[in-house]
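In what follows, a single structure is set out as structure tokens and then discussed.
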Amino acid sequence: MRTVDLAPPGSLRRAVELFRAFRVEQTDPDRFYGLLAADSARHVGLHADLEKAVVLDVGGGPGYFADAFAAQGARYLAIDADLGELTARDDPGPNTLLGSGTDLPIRSGSVDVCYSSNVLEHVERPERMAEEMVRVTRPGGIVFLSYTLWYGPWGGHETAPWHFLGGHYAARRYRRRNGKRPKNLFGESLFPITAGRMIRWAKTCADAEVVAIQPRYHPSWARFVVRIPGLRELAVWNLVLVLRRR
């Protein structure tokens, strides 16, 4: 994993660097995921002491986040439902499980931090996955959820921006132009999740209290947009929910 020089948290430079890296996700995944993982581990570290903490990453993928959390002193575990994702970079690392995010094979109250990045939009029952993440977290521990909003500019992933005309249309158009189905197929592995839906879930979750609700990539002065219904669906792009287990 290449060395990552992170811009200050909440700064405009950090936002610009993340947006620039996002543009090369397919062509230079080491750059994009390395930066995103390092920034994410730092972000989680603002809410939890990661030194020797047990961190479960739901949808851990090919190991970038393992490197980033280990660099912060955490004991990292990962679970992913897609073997292809787990092996995209190399053989799966130690403490890696193949399993479902909506039925975690983890004992209740057994991890200090339960983390997920850009997975909820790929789950048909996102509230179920969020509830499972709360369940496996110990009292006082942190649940950190980040996901891509459907009505944001990247809601359709590789089919964007045509998802604004409908997910099925965007998928058909992608197939006509590229001769193959999109990796993220609407209705099967990509679903139209909103900010409002999961904010409502978080605020009514009996087993956890809300610590923070904020845009993932915005500078600190622009975080106010998450408080404006309607606008946040278009402008937030990627939403972060941080909860503390009761």
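Please treat every number below as a calculation from the coordinates, not as lab data. This structure is a prediction, so every number in the text was calculated from the model and none was measured. Here Cβ is always computed from backbone atoms with ideal geometry, including for glycine, and neighbour counts include all displayed protein chains.
Points to keep in mind about this one:
- Kirkwood-based shape ratio for segment 70-184, expressed as Rg/Rh from alpha carbons: 1.04
- Selected from 23, 227, 177 as most flexible by GNM, with the chain as the system and alpha-carbon contacts under 10 Å: 177
- Percent of Cα-Cα distances greater than 22 Å, calculated over the chain: 53 percent
- Taking only the C-alpha atoms of segment 169-243, Rg followed by Dmax gives 16.0, 47 Å.
- Highest-first arrangement of 136-144, 199-207, where packing means the average Cβ count within 10 Å: 136-144, 199-207
- The share of alpha-carbon pairs in segment 117-220 lying farther apart than 25 Å comes to 29%.
- For residue 44, net neighbour charge (Lys/Arg +1, Asp/Glu -1) across residues whose Cβ lies under 11 Å away: -3
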